[in-house]
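Inspection log for the structure reproduced underneath, given as structure tokens.
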Amino acid sequence: AHPKYFDEQLVKPHDRPRGAMVHQLGGAVIREDGSSFMRTWLPWIFGIFGVLAVVLFAMNYFGGATVTVTPKKDAIPMDLKMSAFKSPVSTELSFSVMKVALEDTREVPATGEKTVTAKASGKIIIYNTQTATQRLIKNTRFQSPAGKIYRINDSVNVPKATTVKGKTSPGSVEVTVYADEAGPDFNTAATDFTLPGLKGSPTYDKVYGRGKGAITGGASGTIKSVTDADMKIARDELRVQLETKLRTKARSDLAPSQISYDNGIIVELEEAVLSKAEASAPDKAVVLQKGTLYMVTFDKDALTKAIVGLLVQTYKGESVSISNLEALTLDMPLMTGTDLWERDRLDFVFKGNPSLKWSIDEDAIRKSLYGAPEESFKSIMAQFPTIENAEAEIDPSWKRSFPTDEADIEINIVNVD
């Protein structure tokens, strides 16, 4: 049949179903109804909306907030008069004193000789078990088990015994005794002593002496000597060497929480002397140098709070650090090491240009922003006096509140050092 005739006979307008679509392809006519169209495109439409929903859910689920914070900082010139106490009350600043004692030796040539005559001496404790004070006059004799006699150079009163809760304790006093004669024979280790002058009386067994340490220094005869020039060299070198050791030792003994200053250190060196220690050779002698260091120490946090409290009128006890705390200068009155060791109050002056930096409490910021609306950010940050400036960025951008999970709030602190 003729193609045109076939087309017209195959599909006539009154034979086309309602809603059907007719396509002509070449010489053929293809009919597609609405149900076929929906079956073809509807899955694609649902798929696109599903992907969008998943993307939106993921952006919300994995979203968060980033808060960038600049801590408050300041640098204030300082020339402050301050006081510290060993037993502080309330907010008073405390201080402590570290005491370090060392000795050092050095060998020197011993090329000369000299004759020496010296009496031994040492410390003993006199005990009194009587119920009355016992007075001992100058030159009272004390006898060792070896029969050697030692004397006291001054009169003393030995306190009476005391009884507390049924227990009796003898009275006692510490004295120095000196050998009756010169020479090394009177050198002895710690021992007990009787008082020959009381022998035959009831007091003899009730008053006695006991060595606190060895009795030494007794000498006679010719010994090797050191020239004045060699002795001076040894003394000068030992003083520098020992003071360095004392300072190094004191610094190493500081706890991480402690701080000290050079002007808060007192070093006292004794006169260097020839030691009785044996030298490495017969023609050498040992020079001995002793010294003691006293060093004022503070707790770093307590000192920082005390300084900030005096410099910043609005300070309310918030956490502040001073980055150059060690660079400040402490000046205190001249005094001996013993004075410093015994005093309960220390007055001093702090000078410098401390760099103050306020600390940031990240957890407190997160808790304050938890679930908060974006427009309340500035008012919330105003509650933190340690913050100079703060900015926030919420992700995704269309959200108008901070995450309800604190872990999703990231805090970035700007380094202001």
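The values are calculated or read from the model by the stated rules, or taken from the named source; none is laboratory data. Everything numeric in this text was worked out from a predicted model, so none of it was measured. So basically every Cβ, Gly included, is an ideal-geometry build from the backbone, and we count neighbours across all protein chains shown. Remember, those area values only see protein heavy atoms, side chains included, never the ligands or the DNA or RNA. Shrake-Rupley method; radii C 1.70, N 1.55, O 1.52, S 1.80 Å.
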Inside the range 285-323, can you point out the residues that are over 20 Å from the mean Cα position of the chain (by Cα), open to solvent by less than 20 Å² (accessible area, probe 1.4 Å) and among the polar types (S, T, N, Q)? Gln289
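When the range 173-209 is examined, which residues are found to be under 23 Å from Lys160 (Cα atoms), in a loop (DSSP other than H, G, I, E, B) and either open to solvent by 70 Å² or more (accessible area, probe 1.4 Å) or polar (S, T, N, Q) (or both)?
Here is the first cut: in the range 173-209, the residues under 23 Å from Lys160 (Cα atoms) are 173-177, 191-209.
Narrowing the set further to residues that are in a loop (DSSP other than H, G, I, E, B) leaves 191, 195, 199-206.
Correct list: Thr191, Lys199, Gly200, Ser201, Pro202, Thr203, Asp205, Lys206.
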What single numbered condition from (1) over 26 Å from the mean Cα position of the chain (by Cα); (2) of a type outside the set (D, E, K, R); (3) more than 30 Å from Ser397 (Cα to Cα) fails to hold for Thr338? (1)
Can you list residue pairs whose Cβ atoms sit under 8 Å apart, with the first residue in the range 254-281 being farther than 26 Å from Ile233 by Cα and hydroxyl-bearing (Ser, Thr, Tyr) and the second being part of a strand (DSSP E or B) and open to solvent by 50 Å² or more (accessible area, probe 1.4 Å)? Count only pairs 6 or more apart in sequence or on different chains. Ser257/Asp299; Tyr261/Thr329
Give me the residue from the range 126-148 that is in contact with a strand residue (DSSP E or B) (Cβ under 6 Å, 6 or more places away or on another chain) and either open to solvent by 40 Å² or more (accessible area, probe 1.4 Å) or without any contact (Cβ under 8 Å) to a residue 40 or more places away in the chain (or both) and, out of that set, farthest from Gly217 (Cα to Cα). Thr133
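Can you tell me which residue in the range 103-144 is modelled with the lowest pLDDT, limited to those that are under 30 Å from Thr227 (Cβ atoms) and not in a strand (DSSP E or B)?
Thr111
Just need a number here: residues in the range 75-86 that are surrounded by 12 or more Cβ atoms within 10 Å (Cβ to Cβ) and more than 22 Å from Trp358 (Cβ to Cβ). Quick ask: steps written out before the conclusion?
Going residue by residue through the range 75-86, those that are surrounded by 12 or more Cβ atoms within 10 Å (Cβ to Cβ) are 75-76, 78, 80, 82-86.
Add one more test, that the residue is more than 22 Å from Trp358 (Cβ to Cβ), and what stays is 83-86.
Count: 4.
Can you tell which of Ser359, Ser368, Ser355 is within 22 Å of Lys300 (Cβ to Cβ), hydroxyl-bearing (Ser, Thr, Tyr) and either surrounded by 17 or more Cβ atoms within 10 Å (Cβ to Cβ) or touching a helix residue (DSSP H, G or I) at 6+ places or on another chain (Cβ under 6 Å) (or both)? Spell out how you get there, then give the answer.
Values: Ser359 fails: either surrounded by 17 or more Cβ atoms within 10 Å (Cβ to Cβ) or touching a helix residue (DSSP H, G or I) at 6+ places or on another chain (Cβ under 6 Å) (or both); Ser368 fails: within 22 Å of Lys300 (Cβ to Cβ).
The conditions single out Ser355.
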Filter result for the condition that a residue is at pLDDT below 65 and open to solvent by 40 Å² or more (accessible area, probe 1.4 Å), over Val55, Val89: Val55
Taking interchain pairs and intrachain pairs at least six residues apart, which have beta carbon atoms under 7 angstrom, with the first residue in the range 344-365 and on the phi < 0 side of the Ramachandran plot and among the basic types (Lys, Arg) and the second part of a loop (DSSP other than H, G, I, E, B) and open to solvent by 70 Å² or more (accessible area, probe 1.4 Å)? Lys357/Ser323
